[in-house]
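Computed from the coordinates by the stated procedures, all read-outs in this text should not be read as laboratory data. None of the values given here were measured: they were computed from a predicted structure. Here Cβ is always computed from backbone atoms with ideal geometry, including for glycine, and neighbour counts include all displayed protein chains.
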Amino acid sequence: MFKLLKNLIKEPMFVIGSVLFLTTILAGLFGPFLYVSMPEGATYEAPSATYLLGTDNLGQDYVALLLKGLQNSLYVGFMAGIIATTVGTLIGLFGGFKGGIVDDILNMFTNLFIVIPSFVVLVLVSASWPEGRSLTLIAVLIGLTTWPWTARSVRAQAASLRGRDHISLARINGATNLEIIFKHILPYLASYVFMVFIMQVASGILSESAISMIGLGPIGEGSTSLGVILNTAKNNSAITDGYWWGIFPAAIVITMIVFALYLLNNSMEGVFNPRLRK
Amino acid sequence: MSHILEVKDLTLHYLTRFGQKIHAVTDVSFTMKQGEILGIAGESGCGKSTLVNGLMGLFIPPLYPTSGDVLVSGESLMNRTTKDIRTNILSQKVSMIPQGAFNALNPTRKIKDIAADVMAAHSENKSGNKREIYERLRERFDLFGMETDRILNSYPIQLTAGERQRSVIGISTLLNPKVVIADEPTSALDVTTQKVVIKMIFDLLEKNIFSTMIFITHELPLLRHVAHNIAIMYAGEFVECGTAVQVVHDPRHPYTKALMGAMLSADANQKNKKPTTIEGAPPSLAKKIEGCRFAERCPSARPECRNKNQNLRMVGERLVRCDYAE
Amino acid sequence: MRNNIVFSAKNISKFFGHGKKLVCAVDDISFDIADGEIVSIVGGSGCGKSVLAKIMLGLYAPDRGTFLYKGKPIVDTRDHWNEVQSVFQDPFGCFNQFFSIRTQLKDAFGILKNKPSKQEIEQRVDEALLAVNVKPSDIEGKYPFELSGGQMQRMLLARIFALKPKVLIADEPTSMVDACVRANILDYLMKLKESLGMTIVFVTHDIGLAYYVSDRIFIMHESKIVETGKPEEVTQHPKSAHTIRLLEDIPDINREWIKK
Amino acid sequence: MFKKYPTVRYVLQRAIWYFLTFLVALSLNFFLPRLGSDPVDIMMAQSSFSSPEIRKQTEENLRKEFGLLVLDKQDSIVRDTVRSIVIDTVVNVVADTVIDEQGNVTLDSLGNVVVSERNETVINKHEKIEINAVKASKFSQLINYIGQVFQGDLGTSFKNQKKVSEIIAQALPWTIALQLPAILFGWIFGNGLGALAAYRRGVFDKVIFPLALLMSSIPFFVFGMVLVYFFGVVWDIFPAVGAYSLELTPGFSLDFILSIGYHYILPFFSIFLILAGGQAIGMRSMGIYELGTDYIKYAKWLGLKESRVLVYLFRNAMLPQLTGLALSIGQMVGGALITEMIFSYPGLGMAMLTAIQTNDYPVIQGVTLLITTSVLLANFTVDILIALLDPRVKQSLSMDAK
């Protein structure tokens, strides 16, 4: 296991991915507190010495807005990722390990919800909450609609482990079912679950920005996000008026986060999935 | 030119991602005449499969030839492009029967299509129309004692393990290759099916679909009945080469003795024969090893064995890589 | 030889799958195994011998017929495993790669009702390692992926030496191990029988190994036991057609196999 | 049933399964908007009405549209009259002039008549008759809704009283014209690229892989905005708004079609390139996985032409990619719809956006239902396609049927 980690660190993709991602996390966590926002200026002022990234339609300093937006987007991404991964792993683990009828039912349940597009569910539910759509609510919604992806892959992995000899050995060592799941199955899945978690965070950020883009994003004081920034820019036709600083910074930040996560995932897949190691 | 296959001091190595050089095969030399069957025996990790790639001229990274030469009826396979090897050598001059036939066949294609692909690859289907190609295949597959039509028109998953193995043999020998290399063709099969497959191979030899074969396995008793000559391989080197009877019934190299000693067969006069065992495992080939590679595990090892390189020398009319074997 | 019966099976059968995909792994099998006996179960792949082994170990329950251990059906598997233990086929797959070997050997004692004290466990593990010619210092702090197949198979046997069960089910312990090390495994099985009077069921596809190590041999074919008897009986004058064919098909260096 | 034809049996099984899923999706499509506040209340709150009667009338129609009311056979609202006696006490102020004993009116110092006030409570009872429609129970609402959907009646839009099905019928062709080709060609192009990258691995892979990974991490709509900015605004090569220039009257004239083509380019590429990136990554790892399989090694050992080996690789790695496409088509359609909004392309995306902005629930529900149905249909087709293309699946089916 440790040998694998040593190889992982040597992977260029992993290094670039983790550096990129760490910078966004640091910016997201500490940025809003450290950065002193400039006072409001004219609307859509071009980037200048005072407003490094210009101002938005209300004259707000884009740098402060972006940092706050980044913080909220990361918050939604991680929250949705955690919910989706935990729910998915539990269902997948339990179904995959138990097998038989339980597995069939859970599998049917997963296949049912994996086909129904999460985008539709998001739209319908957010539309029914015209006010009070907080960041957490949206994160929970995204989490509860993307868990089937985790469940499906974790179940396949757990089922393949069920027949292994080390499970039979654990059984005749007197290990209880719980012990077997958490000591003998979960460690084998740990790297896999982490990779799935990374993908869920990425899809959480993307889903949040999609929802905000159609006007169903978070509302309320301080709940701006990268998606909301883009949406306000679109609604104020910043693009067609040529105010590129309304779009590009937010666009670049979203792409950078998701790109970093994909890099991490791909590099880990190369290391942990032997067949891909060539 | 009497030799159909000549191998001169062939040395191959792998270059791992982190620059490590693994000497998988060192100084392998032998020659084969038309109609000869050579058995190569050795345990897992001794370099058998690497040697197979070398004998087919397939030096695809991370496998690189260090030195030596391989000549198939006088034509060298060294420093040639893979494309050249693929079009002119493979399936025509040198062909291979892979180890696990279970998933060697493309699961989404019928047997007849795979066979037709082989013919197309070596421009054997000049006529090009399907009917004629199918007739040629039917004629060849009729030799294998299976319901040809059913086999040719089914997907691999619809065949039993034995049928799949025989189809693979049929496809590999389709263009009457000069040399056939069989890499553990029957190790995954149960004893009865194994016998059927070996019978089929002997049939093909009789009908000289192909004549010269290298049979690779770790089961020495099987080689005793299949091969004329046997070479024992250990840690990338030939340690003993001789006729099947010599090597099996009168082994001289300590490793061959150990292999034969560990054999347990179900017959009366063997009941109280204590099987010999050797501790440890083959050495890792990552670093160049001085002296005899079997030294640490050899029951009759001497201090000098560890630092004096052993070379093959004649002992009891066969070659043995051990200065102290009699 | 104390001939009280350890295992007795009466027309047991085991099926897998359902409806059209129903597969019969064990088909109406009956036998008795006495205490202190080494019995080999020999058969090709897919003949159901591993399933039979798992039934004896209590991992599977027979769908039909009765299977008794010392006269009683297996009710509580934990009790059963106090006396009946097993060694499996894949040495690398048997141990959890995330824990050290020594910890996993000590975990084995989790099954015993009257769990010995800490010191006694340590002591019994050391004794067991010596019994399989392994110095405790060799595996100190080592993880399963750091050892060879042969060594890992020895660790499985060390676990049995440590637990000292009454019965050992050895499910193909030799098939994934190189020839020269294979004979060691058989010697350890015999040592377990002589020194601890253990009853051993040895499952294998190689009749040569069975001939060398066992008191009785069961030949299995397509989920049925087609022949039983002492090694000499079964190999010199086999009764069932399958056994005859099996013995003929094994390439033996001292006898004609195929006309070349 | 159909023992002899395993594939037909499988098709039926999958059809039943997807129908069940459709019913679940339908009920979700019905219940989810009602999770929060009642949609009709939201709509009512938004608009003002000249008189209470009209307000009540509109609300009732809306409730009927929404299947919230119990309807009798003739589809008219079942009303029940609620008779209730209303007692309301009215306090009204009675003013009397103060009269002294002689009957004259007393005047105050300024000569005004002194008035004494006393309250008089008058109790009048009257019967209040409230006639309001009977609210249907949630479950019967659902059945009602499902019944309507199957009759193709998706209700009428709250905003412009047009039938939702009409709005969709107008928007659907544009969306199909944009998304179907974009997704299809994106899939083919992306997988082709991925297979080549997996097979070639050399410089080709070093270039394609990071580029594809970057492309796949840009959301559809963000890339749309980028394209609009560069091609639409800065260089102004391609139009960035609408599906055709508005001066032209829609018809089959050449320049109208040309204008459609012209407007089509940016939206198409913003979906096509991103999707191709994602598929290329997926196919590359599937390709590398397949390259390690025994049958590819054997094909190489047999000396098959490189192109033939690549066909083997693509053919078998494509199957899991097909499943991947079917499963992720939900997200794709979502993202692509938003791209339509960037280009205000008159497809379902725009219909959805306007509906959301005006809280026009019937339209939102209609569009989401259509997306779910198209995703289920896509998954169904892919399931059948894989059963036909992959003998391994066909084999396991016939084993079921035997």
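Below, the figures for the structure above:
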item	result
Cβ charges +1 (Lys, Arg) and -1 (Asp, Glu), total dipole of segment A:194-278, debye	480 debye
Electrostatic dipole magnitude of chain A [Cβ: Lys, Arg +1; Asp, Glu -1; Cα centre; debye, to 20]	1460 debye
Peptide-level mean, for C:39-50, of C-beta atoms on other protein chains within 10 Å	1
Separation of alpha-carbon centers, segment C:65-108 and segment A:104-170, rounded to whole Å	36 Å
Packing-based exposure ordering (other Cβ within 10 Å, fewest first) of A:TRP147, A:TRP129	A:TRP129, A:TRP147
Span from the segment D:248-319 Cα centroid across to the segment A:189-205 one, whole angstrom	26 Å
Whole-Hz ³J(HN,Hα) from phi, Karplus 6.51 cos²θ - 1.76 cosθ + 1.60, for segment C:212-226, glycine and proline x	6, 10, 10, 7, 9, 10, 9, 9, 10, 8, 6, 6, 10, 8, 8
Per-residue ³J(HN,Hα) for segment B:222-228, Karplus 6.51 cos²θ - 1.76 cosθ + 1.60, θ = phi - 60°, Hz, x for Gly and Pro	4, 5, 3, 8, 9, 9, 6
Gyration tensor verdict on chain A (Cα atoms; rounded if a/c is under 1.5, prolate if a/b is larger than b/c, oblate otherwise)	prolate
Fewest-first sequence of C:HIS18, B:HIS23, B:HIS249 by Cβ atoms within 10 Å of each Cβ	C:HIS18, B:HIS249, B:HIS23
For C:ILE41, residues with placed amide H under 5 Å, excluding near neighbours	C:PHE202, C:VAL203, C:THR204, C:PHE218
Extreme residue, positive dipole direction of segment C:117-247, given options C:VAL177, C:LEU163, C:THR228 (C-beta unit charges)	C:THR228
Cα centre as origin, Lys/Arg/Asp/Glu Cβ charges: segment D:242-359 dipole, Debye	640 debye
Virtual spin-label span in nm between D:SER140 and A:PHE30, 7 Å along Cα→Cβ	6.4 nm
Average other protein chain Cβ within 10 Å of Cβ, residues B:219-230	3
Crossing angle, helix C:149-163 versus chain C [Cα axis fit, 0-90 degrees, rounded to tens]	70 degrees
Considering only segment B:3-320, percent of DSSP beta bridges that pair antiparallel, nearest 5	60 percent
Per-residue average of Cβ from other chains inside 10 Å of A:231-239	3
Ascending count of other beta-carbon atoms within 10 Å, so fewest first, for D:TRP17, D:TRP235	D:TRP235, D:TRP17
In degrees, nearest ten, helix A:100-115 long axis to first principal axis of chain A (Cα)	20 degrees
DSSP-defined antiparallel bridges as percent of all bridges, the protein assembly as shown, nearest 5	65 percent
Hull volume in cubic angstrom per residue (convex hull over the Cα atoms of segment B:3-320)	153 Å³
For the protein assembly as shown, the spread of Cα positions along each principal axis, largest first, Å	160, 77, 66
Hydrodynamic radius of chain C per Kirkwood, over alpha carbon pairs, in Å	19.4 Å
Interchain or long-range residues, amide H under 5 Å from D:LYS163's placed H	D:SER157
Ratio of the Cα radius of gyration of segment C:110-242 to 2.2 N^0.38 Å, where N counts its residues	1.21
Unit Cα scatterers, Debye sum, segment A:132-235: log10 I(q)/I(0) for q = 0.10, 0.12, 0.15 Å⁻¹	-0.45, -0.57, -0.71
Separation in nanometres of the label points that stand 7 Å from Cα toward Cβ, at A:THR23 and C:GLN123	6.3 nm
Cα-projected label distance for D:GLU101 with D:LEU20, points at 7 Å along beta-carbon direction, nm	10.0 nm
Ordering of B:170-177, D:262-269 by burial proxy (mean other Cβ atoms within 10 Å per residue, highest first)	B:170-177, D:262-269
Long-range amide H partners of B:THR66 with built H, under 5 Å	B:THR11, B:LEU12, B:HIS13
Label point 7 Å beyond Cα of B:MET78 along Cβ direction - residues of segment B:9-24 with amide nitrogen under 20 Å	B:9-15, B:22-24
Segment B:201-253 - Debye-derived log10 I(q)/I(0), Cα point model, q = 0.13, 0.27 Å⁻¹	-0.35, -1.09
Dimensionless Rg over Rh [segment A:97-139; C-alpha; Kirkwood]	1.21
Charge dipole (segment B:3-320, unit charges on Cβ, about Cα centre) - positive-most of B:GLN158, B:PHE294, B:ALA227	B:PHE294
Cleavage-rule hits, trypsin sites (Lys or Arg not before Pro), segment C:49-133, DSSP coil, Cβ neighbours within 10 Å at most 16	C:LYS70, C:LYS113
For segment C:79-88, Karplus couplings with θ = phi - 60° (6.51, -1.76, 1.60), whole Hz, Gly/Pro x	4, 4, 6, 5, 10, 10, 10, 9, 10, 10
Near-label residues of segment D:324-354 by backbone N, under 14 Å of a point 7 Å along Cα→Cβ of A:THR240	D:341-346
